[in-house]
Amino acid sequence: MMLHRFRRLTARAQRVPVCAAILLALGVPAMAGGLEDCGNEKHDTARRIAACKVVIEDKATASSDRALAFLNRANALSDMGAYDFAIADYGEAIKLDAKDADAFNNRGLIWGYKRDYDRALADYDKAIEFNPQLAIAYGNRGMIWNDVKHDYVKAIADFDKAISLDPGNSVVYNVRGNAYLRTGEYDKAVTSYSQAIFLDPENADQYYNLGLAWASKGNPERATADYSQAISLNPNHVQAYRWRANAWKKRGDADRAISDYDEAIRLDPRDAETFRNRGDIWRGKKDYDRAVADYTQAIVADPRDAMAYNNRGWTWSLKNDTDRAIVDFNEAISLDPNYAGAYYNRGLAWSDKHDLDRAIADYDQAIIITPGDAWIYNARGRAWASKSEYIRAISDYNVALMIEPDMAVAFRNRGWVFSRKAQYDSAIADYDQAIRLDPKYAVAYRGRGWVWGRKGQYDRAIADYDQSISLEPKYADAYGGRGRVWMYKADYDRALSDCDQAVSLGPKDASAFACRALARVYKAQYDQALADYDQAIRLDPGNAGTYGDRGLLSFYSGSPEKALADFEQADAIDPGGEYNAYHALWIDIARRHNRLPSNLGNVTLDVTKWPAPVVRMFLGRQTPEATLAAADDPDGTTKNEHLCEARVFVAEFQRLQHRDDEALRLYRLALRDCPRDFTEYTAVLVAMRAMGKAP
């Protein structure tokens with residue numbers, strides 16, 4: 001008997017269709033005696049080879065019988081894996097019968113085993129030329145087109161021809177389904193696999209493949225059913241367990257997914273992808289230690305699995321172990337220098353470490369590799385925003401929104417930048433869009449609440465904070481934001497209650513302690529306020545603003561020495577930053593109160609922008625009246641803010657000249673007109689209390 005086989009489909013793609021090992025067997029006339037034993041597959045291989053040798057070496061053997069003996073011995077040698085000897089025998093058979101389609105077909109199979117696919121194709125072409133009705137040759141050639149050459153049009157044409165010649169063969173329908181699966185013609189794949197199952201309903205692989213087709217069509221329910229049928233027919237079908245686990249994951253059933261991954265790992269404990277996929281499930285369940293363990297097992301199984309390193313790195317980030325995360329992202333990039341996701345994730349890790357330049361460099365590289373990924377532009381925009389480079393940030397958010405016009409987070413982030421640029425109407429418009437796209441977006445409500453607070457529309461601000469909290473009842477920042485608005489409305493008890501709640505929900509959140517400190521300042525609980533500022537600084541020692549706030553409280557509550565130390569520390573943290581002129585001014589005022597000489601003239605400041613007139617006043621180059629006049633900015637968006645600051649600084653200047661009455665007059669004007677969320681408003685309130693003139 002001559003053996004005609006399909007090569008099993010093996011692919012490194014994530015989706016692995018399975019093919020039957022044997023398509024069909026063609027009958028060959030059996031000869032008496034030695035030739036009969038030579039072609040009898042029931043005999044062991046050695047006996048068949050010996051019988052064929054007798055026939056071949058018998059000089060009385062007819063040429064046609066000798067050709068048949070070479071063919072049968074080649075088949076036996078092929079069974080042994082002796083491919084070179086098999087090829088030699090097929091060659092001898094062809095020499096004796098140059099039009100033996102079976103010999104060409106079978107030699108094509110051997111060339112395929114040896115990965116000499118062009119020779120395999122040439123032999124299949126010859127087999128078809130000499131026997132156009134040989135269905136198996138079309139099928140075998142189709143397999144080469146499908147699996148190796150990836151010419152799916154030619155593959156499908158060959159499978160169609162094989163089916164027309166042998167419509168009862170399930171395997172051809174199965175492999176044609178594989179081709180349709182790869183071309184994305186999922187309906188045709190379903191039809192082809194279904195016909196294969198109709199012809200051979202006990203074949204587990206065909207149910208598995210049908211499951212793949214349903215999964216590709218986005219129907220995990222039907223996919224699950226077919227994977228289950230494959231498992232019922234073959235309880236050791238590891239791929240069916242893996243893919244059923246994927247389907248359970250799609251259906252949101254994490255526990256069943258884990259159960260199937262467990263079984264797949266039991267059956268094949270060396271498959272890195274299964275460990276990685278189970279790790280993803282554990283990560284989604286926030287069981288980060290188990291996730292790390294699975295990713296580590298994946299790496300042990302395949303030390304070159306860049307995705308496993310990347311996913312473990314991301315899990316380290318979620319565990320706030322940024323250094324370990326970066327080590328894993330480095331390894332992922334080393335293994336796959338074009339892994340955009342690893343660059344992106346490492347950029348996020350650098351951002352967490354406040355190393356924004358490195359973060360931006362990684363985002364740049366990720367964009368080079370994947371220029372159409374909106375999330376990378378969004379992340380780079382956040383990095384630019386953190387560097388106060390707002391124009392660049394807006395540019396990146398614009399690109400992100402061009403790529404994904406319904407990206408709520410990009411609208412929210414651009415809204416935040418507009419709010420920092422005091423473009424409040426633009427900010428609100430972006431927050432509105434974010435909320436329209438995602439009505440449960442608590443962060444967007446909080447951001448819009450902040451903008452309403454800046455615009456002095458406190459009731460609207462509180463309504464947005466209320467909505468944010470209703471969506472996320474444990475959202476510490478929303479409580480902190482609402483607490484500050486209660487301060488602006490002079491409802492200090494509610495403010496303190498909200499800030500207390502922020503601290504309770506975020507005991508490691510410096511901003512929560514800063515919120516409560518401010519509430520306690522308003523309630524004149526200065527010692528408790530200082531304790532909260534101390535804790536905020538312990539939690540976030542790099543926040544210049546908190547040092548400045550604590551310095552102001554110390555300054556007005558009678559500790560100018562401590563105030564000077566805090567103002568100097570704030571300046572040291574952010575030298576040359578957005579607030580360096582304000583730092584320099586408060587350092588100068590504190591030095592004078594500590595009877596130290598002024599050093600303001602030695603500080604390099606931008607004399608072209610506000611608060612340059614205030615600096616000139618303290619340097620003796622401008623009168624207080626001229627300073628107040630300079631604050632009367634024709635730009636309505638900044639006039640009130642500049643006038644507020646000018647009144648407070650001129651008041652401090654007057655107090656240094658012992659003109660307390662004039663200082664008090666300016667304090668009262670500042671208290672009346674300053675934005676409630678300005679540091680100066682709080683400073684004036686404490687100053688007036690210290691003077692015994694509190695309102």
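Any read-out appearing in this document is the output of simple, stated calculations on the displayed coordinates, not a laboratory observation. Note that this is a predicted model, so its numbers are computed, not measured. With ideal geometry, Cβ positions are generated from the backbone for all residues, glycine too; neighbour counts draw on all protein chains shown.
Values computed for the structure shown
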| item | result |
| --- | --- |
| Kirkwood hydrodynamic radius (C-alpha pairs) into Stokes-Einstein, segment 72-231, 4 °C and 1.567 mPa s, D in µm²/s | 78 µm²/s |
| Alpha-carbon centroids, segment 78-117 and segment 425-472: separation in whole Å | 75 Å |
| Radius of gyration and maximum dimension Dmax of segment 542-605, Cα, Å | 10.7, 30 |
| Packing rank of 132-143, 92-103, where each peptide gets the mean count of other beta carbons within 10 Å, highest leading | 132-143, 92-103 |
| Given LYS474/LYS508; LYS353/LYS421; LYS353/LYS474, the pairs whose alpha carbons are separated by over 21 Å | LYS353/LYS421; LYS353/LYS474 |
| Compactness index (Cα Rg / 2.2 N^0.38 Å), segment 197-324 | 1.13 |
| Estimated FRET transfer efficiency when R0 is 22 angstrom, pair PHE198-ARG222 (beta carbons, to 0.05) | 0.85 |
| Estimated FRET transfer efficiency when R0 is 35 angstrom, pair ASN599-SER497 (beta carbons, to 0.05) | 0.25 |
| Hydrodynamic radius by Kirkwood, which averages 1/r over all alpha carbon pairs of segment 611-695, in angstrom | 12.8 Å |
| Residues of type lysines that LYS114 reaches as a straight line, Cα spacing below 18 Å, ignoring anything fewer than 8 places off in the same chain | LYS149 |
| Fully extended contour minus Cα-Cα distance, from LYS319 to ALA531, at 0.36 nm per residue | 73.4 nm |
| The chain: relative contact order as a whole-number percent, Cα under 8 Å and 6+ apart | 4 percent |
| Length added when fully stretched, ALA50-THR183, from 0.36 nm per residue minus Cα-Cα | 43.2 nm |
| Förster radius 45 Å - calculated FRET efficiency between ASN338 and ASP606 (Cβ-Cβ, nearest 0.05) | 0.55 |
| Rounded to the nearest 20 debye, dipole of the chain from Cβ charges on Lys, Arg, Asp, Glu | 1160 debye |
| Inter-site label distance for ASP289 and ARG304 at 7 Å from Cα along Cβ, in nm | 3.4 nm |
| When the convex hull of its Cα atoms is projected in every direction, mean area for the chain (nm²) | 38.0 nm² |
| Cα gyration tensor, segment 423-543 - rounded (a/c under 1.5), prolate or oblate | prolate |
| Relative contact order computed over segment 542-605 (Cα-Cα under 8 Å; 6+ residues apart), in percent | 29 percent |
| Whole-number D in µm² s⁻¹ for segment 300-416, Kirkwood Cα-pair radius fed into Stokes-Einstein, 20 °C, 1.002 mPa s | 150 µm²/s |
